[in-house]
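Participant: Sharing a structure with you now.
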Amino acid sequence: MALTLKDFLRALKTSHVPSLLKESNSLKIVCGNEAADFDSIASAISYSYLNYANDNSIVLPVISIPKNDLLLRRDVIFVLDKLNITTDLLFFLEDLYFWKSECHKSVAAVLVDHNDVMNGMKSLIDDVIGIIDHHEDQKLYLDVNPRTIETCGSCTSLVFRYWYYDLHHDLTQMVEVIILCLGAAIIDTNNFQYKVESKDLEMLKLYQEAMPNFEKDSFFYQLKHAKNNIYGLSVRDILRKDYKQFDFISSMDYGKENVTVGVASIVKPLQWLQEQHPELLQACIQFKGEYSLDVLVLMTSFSEDSQFKREIAFISDEQELQSELISKISEELKLEPVSVVASNTTSKFKRFNQLNLAASRKQVVPVLKDAFASYSKN
């Protein structure tokens, strides 16, 4: 009989990791991206569990944020509670720092929900040994196995599908992670109605076969409520809740220069943020300084009067860069100016309705990258 997911994670903590730290010079991990959203977390945990079900080898699932930050992800906490999994059974950035810096272990990583090592992880990961992802292919690590990069609503669909075929279609060994995978897919595809691909639907059929009495729609509404509940969070926490940071190469007259851009995805409209947090601009400026950003981008997505909407806003001290960036991406993202929400002597907060509703952060980041690559500073 297969281990429960909780028992597997407990065994990693109490038995396997102490053994590996004592007996091995190297560790294998699987980690999602730095936003550590539901999809990344579920993909990493599911990959680790299913890998062990396949051949009893250990690939440690690492959540790419500090432990305390998991509490900001209320949808993830909701599902972990359903599975009776507490945060002390999970691995976070603190653990990876300890293994690398204090125990001096080399670290080989399987990347899920991204296909290039993030800036914050480059000093912690020595080698990439596998990739399963659904973002734009960066054409790196071409010889690793697995190397699955395909368009899909949820990365968990690709992870589950990969192991389903490796485990000879044996769902009995996989049922423990179905709630995680289904939860991530439900969130990312809006209950299999938005940006859903054939592989998502193929996996949904398997999930329903394994759990025929599971109430998917009720689960979706509970998850959505948990994800959208950002009441009581500070602006800083709202920005950190689903945040990614990028160093883009910017073309300059005298060579190349990196532009550091932070992109925060937010589940409420900017008007709501302003009403709840009058200090919004100042908090964004402080966040931009804390993370040493040239540009902070806020991307909101929400439903209003039964209509799905997106907004995008830019905060920067460098007005020339900000203006040229907006000019270069405006047509593709179909930006509709709203107003300068607020400004001070050095920073401006420029807000737009984003009428290209199909472009989530996954699609917007490559657009930003291309825009900066063609930016020339006088």
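The values are calculated or read from the model by the stated rules, or taken from the named source; none is laboratory data. Please read these numbers as outputs of a predicted model, since none were measured by experiment. A quick note on method: Cβ atoms are made from the backbone with ideal geometry, for glycine too, and the neighbour counts reach across all protein chains shown.
Participant: So residue 182 fits all but one of (1) more than 19 Å from residue 29 (Cα to Cα); (2) touching a residue at least 40 places away in the same chain (Cβ under 8 Å); (3) surrounded by 17 or more Cβ atoms within 10 Å (Cβ to Cβ); what number is the exception?
Facilitator: The number of the failed condition is (2).
Participant: Can you find a residue that is at pLDDT 90 or above, closer than 21 Å to residue 369 by Cα, in a strand (DSSP E or B) and of a type in the set (A, V, I, L, M) anywhere in the stretch 287-296?
Facilitator: Yes, some residue in the stretch 287-296 is at pLDDT 90 or above, closer than 21 Å to residue 369 by Cα, in a strand (DSSP E or B) and of a type in the set (A, V, I, L, M).
Participant: Evaluate the following for residue 194: is it among the hydroxyl-bearing types (Ser, Thr, Tyr), over 17 Å from residue 362 (Cα atoms), assigned by TED's automatic domain parsing to the domain that holds residue 128 and touching a helix residue (DSSP H, G or I) at 6+ places or on another chain (Cβ under 9 Å)?
Facilitator: no
Participant: Restricting the stretch 242-257 to residues that are of a type outside the set (D, E, K, R) and at pLDDT 85 or above, which is nearest to residue 75 (Cα to Cα)?
Facilitator: 243
Participant: Could you go through the stretch 226-237 and let me know if any residue there is at pLDDT 95 or above and more than 27 Å from residue 63 (Cβ to Cβ).
Facilitator: no
Participant: Select from the stretch 266-291 the residues that are in contact (Cβ under 8 Å) with a residue 60 or more places away in the chain and within 21 Å of residue 309 (Cα to Cα) and list them in ascending order.
Facilitator: Residues satisfying the conditions are 270, 274, 280.
Participant: Let me ask you something else. So if I check each of 150, 176, which one is in contact with a helix residue (DSSP H, G or I) (Cβ under 8 Å, 6 or more places away or on another chain), in contact (Cβ under 8 Å) with a residue 40 or more places away in the chain and exposed (fewer than 15 other Cβ atoms within 10 Å of the Cβ)?
Facilitator: Within the list 150, 176, the selection yields 150.
Participant: Need the failing condition index for residue 305 against (1) farther than 20 Å from residue 72 by Cα; (2) under 25 Å from the mean Cα position of the chain (by Cα), just the number.
Facilitator: (2)
Participant: For residues that are of a type in the set (S, T, N, Q) and at pLDDT 95 or above, scanning just the stretch 76-113, find the one that is farthest from residue 220 (Cα to Cα).
Facilitator: Checked the stretch 76-113; the qualifying residue farthest from residue 220 (Cα to Cα) is 106.
Participant: Something else: Among the numbered criteria (1) under 22 Å from residue 3 (Cα atoms); (2) at pLDDT 95 or above; (3) among the aromatic types (Phe, Trp, Tyr), which one does residue 165 miss?
Facilitator: That leaves (2) as the condition not met.
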